[in-house]
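One structure below.
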């Protein structure tokens, strides 16, 4: 299975073993199967914020994007979503119920599980603000799911402890603000989406923002000031529309993108003394 078909950058080599379970029980069985055989295990969602090497990945790659579904309690504001639920889909669902809290998430091309791991955020909001708890497994003990509270996840800007620990997110529980006018929340959500699509290159394959913002500066601003919009390596290009996006113009390889990321980092470090840290997770390099 070519992983380029499962990443938003449309790059990445073959997976040695690949599965896309549609039920949580199947996911747990597959994790146990990999553990019994001593195989490396990786779990991906929508494939955004992910750069997979051209040589592909050894072991078992699980894609959880078919593990979707959510339950809402509009009166109390509780929302529970499976890890593979697209975060934009969830944002629209809760808006229609008059639940405030996820309007910012409508333009993020990822899943609920990925949003938790990355503490995804946009337009002034982030996952950590509204997350209550998650259900996870340790791959070494896939038959023993357990709950972690949001306060246990060491959230920071685009970071959680899940980036360092081999835990797989099964579901997430949010506590949102109930009792709002659904039309108003839906309108705000649509406005946020329009704002993102107008200013970001949604028409070309990308991973979203490549670099974390070195607050108080913005990564895109630093890159643009250096005149790097349009800089290319092979089929990878710094987007002419938004400098913190690297797009696949049609024939990019993962190596092209990786090289371009490094060139941008070098130029910004040389000029400003700031090392830009990628949001992107690199696999197989």
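Observations, loosely collected:
- Residue in the stretch 92-101 that is crowded, with 18+ Cβ neighbours inside 10 Å, at pLDDT 95 or above, touching a helix residue (DSSP H, G or I) at 6+ places or on another chain (Cβ under 6 Å) and closer than 27 Å to residue 9 by Cβ present: no
- Qualifying residue in the stretch 210-217 (condition: farther than 24 Å from residue 156 by Cα and either in the same structural domain as residue 104 (by TED's automatic domain parsing) or at pLDDT 95 or above (or both)): no
- Residue tally, condition surrounded by 21 or more Cβ atoms within 10 Å (Cβ to Cβ) and part of a loop (DSSP other than H, G, I, E, B), over the stretch 107-134: 4
- Of everything in the stretch 1-35 that is over 21 Å from residue 208 (Cβ atoms) and part of a loop (DSSP other than H, G, I, E, B), the residue that is modelled with the lowest pLDDT is 1.
To keep it simple, each residue is scored yes or no on (1) under 23 Å from residue 74 (Cβ atoms); (2) in a helix (DSSP H, G or I).
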residue	(1), (2)
98	yes, no
105	yes, yes
136	no, no
142	no, no
166	no, no
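- Verdict on residue 134 being closer than 19 Å to residue 93 by Cα and under 17 Å from the mean Cα position of the chain (by Cα): no
- Scanning the stretch 248-260 finds no residues that are closer than 27 Å to residue 125 by Cβ and outside the structural domain of residue 164 (by TED's automatic domain parsing).
- Just one of the listed residues (136, 112, 116) is closer than 13 Å to residue 64 by Cβ and free of Cβ contacts under 8 Å to residues at least 40 places away in the same chain, namely 136.
- Filtered residues of the stretch 263-283 (kept if assigned to a helix (DSSP H, G or I) and touching a strand residue (DSSP E or B) at 6+ places or on another chain (Cβ under 9 Å)): 263, 264, 265, 268
- Filtering the stretch 144-153 to residues that are surrounded by 20 or more Cβ atoms within 10 Å (Cβ to Cβ) and either part of a loop (DSSP other than H, G, I, E, B) or at pLDDT below 95 (or both) leaves only 153.
- One residue stands out among those in the stretch 16-34 that are without any contact (Cβ under 8 Å) to a residue 60 or more places away in the chain and under 20 Å from the mean Cα position of the chain (by Cα): the one that is farthest from residue 139 (Cα to Cα), which is 22.
- Within the set 183, 156, the sole residue that is surrounded by fewer than 13 Cβ atoms within 10 Å (Cβ to Cβ), in contact (Cβ under 8 Å) with a residue 12 or more places away in the chain and out of contact with any helix residue (DSSP H, G or I) (no Cβ under 7 Å at 6 or more places or on another chain) turns out to be 156.
- Positions within the stretch 36-88 being assigned to a helix (DSSP H, G or I) and outside the structural domain of residue 113 (by TED's automatic domain parsing), in sequence order: 36
- Residue within the stretch 225-241 that is surrounded by 17 or more Cβ atoms within 10 Å (Cβ to Cβ), under 18 Å from the mean Cα position of the chain (by Cα) and not in a helix (DSSP H, G or I) present: no
- Residue list for the stretch 14-73, restricted to those being over 22 Å from residue 4 (Cβ atoms), crowded, with 18+ Cβ neighbours inside 10 Å and touching a helix residue (DSSP H, G or I) at 6+ places or on another chain (Cβ under 9 Å): 72
- Any chance residue 101 is in contact with a strand residue (DSSP E or B) (Cβ under 8 Å, 6 or more places away or on another chain), outside the structural domain of residue 14 (by TED's automatic domain parsing) and at positive phi: yes
The values are calculated or read from the model by the stated rules, or taken from the named source; none is laboratory data. This is a predicted model, so every value here is computed, not measured. Heads up, the Cβs are rebuilt from the backbone with ideal geometry, glycines too, and the neighbour counts pull from every protein chain shown.
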